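First the structure, in the form of structure tokens, and then the observations on it.
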Amino acid sequence: MRRIAMSVGVIAAAAMMGLSCSTSAYAATGTLVINGKEYHNPPGRTCIAAETLPMEVSNDLDTLVFIYHTTDCSDDEPYAFVPPGEYSKYDDGRGVMVAPSA
């Protein structure tokens, strides 16, 4: 009986750790700048629409950002990406999605 209680306790602790880490695991660290507007520590897998064209992206995050033709990032796949520490300008980019950070 003690062994079952120990196993249940270990499983519960692991589940609690998983829940507490799951939300922060996808947040990027740093600043993303799109057309002069700053986004601090943006969540991963969130689409940010560009308000004007051309779209200028400065990626000072710890992860990639993906560029899409649509404002809701609903394309089948991104057409470009901006690595950490880089700047790019896109005449036809309309949405930016932050890659999940591990």
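The values are calculated or read from the model by the stated rules, or taken from the named source; none is laboratory data. On a predicted model such as this, the values are computed, not experimentally measured, just so you know. Virtual Cβ from ideal backbone geometry, glycine too; neighbours counted across all protein chains shown.
Here residue 92 does not qualify as at pLDDT 95 or above and among the acidic types (Asp, Glu).
Residue under question is residue 46, and the condition is that it be touching a residue at least 40 places away in the same chain (Cβ under 8 Å), surrounded by 13 or more Cβ atoms within 10 Å (Cβ to Cβ), out of contact with any Asp or Glu (no Cβ under 6 Å at 6 or more places or on another chain) and hydroxyl-bearing (Ser, Thr, Tyr); does it hold?
Details: touching a residue at least 40 places away in the same chain (Cβ under 8 Å): yes; surrounded by 13 or more Cβ atoms within 10 Å (Cβ to Cβ): yes; out of contact with any Asp or Glu (no Cβ under 6 Å at 6 or more places or on another chain): yes; hydroxyl-bearing (Ser, Thr, Tyr): yes.
Yes; evaluated as a whole, the condition is true for this residue.
Only residues that are touching a Gly at 6+ places or on another chain (Cβ under 9 Å) and farther than 17 Å from residue 101 by Cα: list them for the stretch 43-57, please. Selection gives 49, 50, 53, 54, 55, 56, 57. For the stretch 1-43, the candidate set comprises residues that are hydrophobic (A, V, I, L, M, F, W, C) and surrounded by 14 or more Cβ atoms within 10 Å (Cβ to Cβ); within that set, the residue that is modelled with the lowest pLDDT is 27. Considering only the stretch 81-98, state which residues are without any contact (Cβ under 8 Å) to a residue 40 or more places away in the chain and surrounded by 15 or more Cβ atoms within 10 Å (Cβ to Cβ). Residues satisfying the conditions are 81, 82, 88, 90.
Among the residues that make up the stretch 82-100, is at least one of them of a type in the set (Ser, Thr, Tyr) and outside any strand (DSSP E or B)?
no
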